[in-house]
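Read the structure below first, then the notes.
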Amino acid sequence: MFLLNHFWLFYAALALGLLLEVVWGEPRRWHPLVGFGRLANAIEQRMNKKTMGIAAGTFSAIVLVAIPIIIFLALKWILRDWAWLLDAWALWFALGAKSLFAHVRAISTPLLAGDLPEARQQLQWIVSRDCAQLSETEVAKGAIESNLENGADAIFATLFWFALFGGAGALLHRLANTLDAMWGYRTPRFNEFGRCAARLDDVLNFLPARLVAVSYALLGNTQLAIKAWRTQARLWDSPNAGPVMAAGAGALGLTLGGNAIYHGQVEVRTPLGFGPAPQASDIARSLVLVQKTLALWLLCLLVLPLLIWLCKVWI
């Protein structure tokens, strides 16, 4: 009976968290991550000293991630039978599906209408590359790359850790991913201080990224996706973005990657995938791929726990 109750509570938390995501998406005001980001900035400015480097960054990252998790688990212990509501809140807090899709559509709409400056501005909101001089093809490429990679980070890795550890897992991933987005740069300022945050995010995304790559391959051009993953992903700078974007590019039959300008300097990036360079109309195709992947993952989350319970009952 305990196992059965456990699974029903998981389903209840999953359903409520997804409902909150569909209805409200990310809160526009009073988002907890805003306060977390301000705290992280304050700690970084105080702790990021050349003489402390990696040690200071490691200590800061561990404290910033561990304390919210400890508080969350303490609240769950206090709530007991109603703890699943906290899990649902954490899933809503951590998921970024509605926000991601809205941002990508905000790039696609003006680009399709021929308003390249507006499309560049919308892309600049979600990427760190310099967008002021990008062509239509480069804007489309940036939007698709962000959609594929952020889908893996903001949606699927969150669902993966929620499936394993409930709300605490989803919260852990979102906080680590946020720190990586803030500190995980190979610049003189963050190369040492942000190393722990970057590595923690790499570890948490290792398995989910490869499951996402498999999903993209299954739901798109499977042959090209696997070929791109096997031959090109290892050449990409990020160990997790490489498989995701290579498989995604192959699944869409497009060529992504290539050089881009970051902080005024050209970064040499390996081309990913096979086929033509993306156009504005291809952004919608990438959205469909990520949405199909989300449907597949939700189906697995609904079926797999029940199969596990049935196996335990029968065995």
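Every read-out reported here was derived from the displayed coordinates using simple, explicitly stated rules and does not represent laboratory data. Here the structure is a predicted model, which means the values were calculated and not measured. Ideal geometry is used to build each Cβ from the backbone, glycine not excepted, and the neighbour counts take in all protein chains shown.
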>> Between the range 19-58 and the range 265-315, what is the separation of their alpha carbon centroids in Å?
In response: 27 Å
> Of A176, A88, M47, which is farthest along the charge dipole of the chain in the positive direction, counting Lys and Arg as +1 and Asp and Glu as -1 at C-beta?
Replying inline: M47
> What list of ³J(HN,Hα) values in whole Hz, one per residue of the range 62-73 in order, does the Karplus curve 6.51 cos²θ - 1.76 cosθ + 1.60 (θ = phi - 60°) give from phi, with Gly and Pro shown as x?
Replying inline: 4, 5, 5, 8, 5, 4, x, 5, 4, 4, 4, 5
> For labels at T137 and H31 in the simple 7 Å Cα→Cβ model, what's the distance in nm?
Replying inline: 3.3 nm
> Volume per residue, Å³, of the convex hull around the alpha-carbon atoms of the range 177-229?
Replying inline: 89 Å³
>> Can you give me the long-range amide H partners of A260? Hydrogens built in the peptide plane at 1.01 Å from N, cutoff under 5 Å, separation of 5 or more residues or another chain.
In response: E267, R269
>> Below 14 angstrom from the Cβ of A13, what's the summed charge of the other residues (Lys, Arg +1; Asp, Glu -1)?
In response: -2
>> Quick check: pseudo-label points 7 Å beyond the Cα along Cα→Cβ at L19 and M47, how many nm apart are they?
In response: 3.9 nm
>> Under 20 Å between alpha carbons, and skipping anything fewer than 8 positions from K50 in its own chain: which aspartates and glutamates qualify?
In response: D180, E192
> When the helices in the chain are scored as -39500 (n - 2.57) per DSSP H run of 4 or longer and the sum is shared across all residues, what 222 nm value do you end up with, to the nearest 500 deg cm²/dmol?
Replying inline: -24500 deg cm²/dmol
> When all C-alpha to C-alpha distances in the chain are sorted into bins of 10 Å, what percent of pairs does each bin hold, rounded to whole numbers?
Replying inline: 6, 25, 33, 25, 10, 2, 0
> Going by the alpha-carbon gyration tensor, a ≥ b ≥ c the square roots of its eigenvalues, is the range 1-152 rounded (a/c under 1.5) or, if a/c is not under 1.5, prolate (a/b greater than b/c) versus oblate?
Replying inline: oblate
>> I need the shape label for the range 105-203. Rule: rounded when a/c is under 1.5, else prolate if a/b > b/c, else oblate, with a, b, c from the alpha carbon gyration tensor.
In response: oblate
>> With just the Cα atoms defining each centre, how far is the range 226-262 from the range 60-77? Give it in Å.
In response: 35 Å
> In Å, the Kirkwood hydrodynamic radius of the range 245-315 over pairs of distinct alpha carbons?
Replying inline: 15.1 Å
> Of L287, A249, A154, which is farthest along the charge dipole of the chain in the positive direction, counting Lys and Arg as +1 and Asp and Glu as -1 at C-beta?
Replying inline: A154
>> Once you compute Rg and the Kirkwood Rh from C-alpha atoms, what is the Rg to Rh ratio for the range 1-91?
In response: 1.11
>> Given R₀ = 51 Å, what would the calculated FRET efficiency be for W77 paired with V266, taking r from the Cβ atoms and rounding to 0.05?
In response: 0.50
> Can you give the FRET efficiency for W314 and F165, using 1/(1 + (r/R0)^6), R0 = 22 Å, r = Cβ-Cβ distance, to the nearest 0.05?
Replying inline: 0.30
> So if we plug the beta-carbon distance of E118 and I67 into 1/(1 + (r/R0)^6) with R0 = 51 Å, what FRET efficiency do we get, rounded to 0.05?
Replying inline: 0.80
> Each label point is 7 Å from the Cα along the Cα-to-Cβ direction; what then is the distance between the points at A181 and L207, in nm?
Replying inline: 2.4 nm
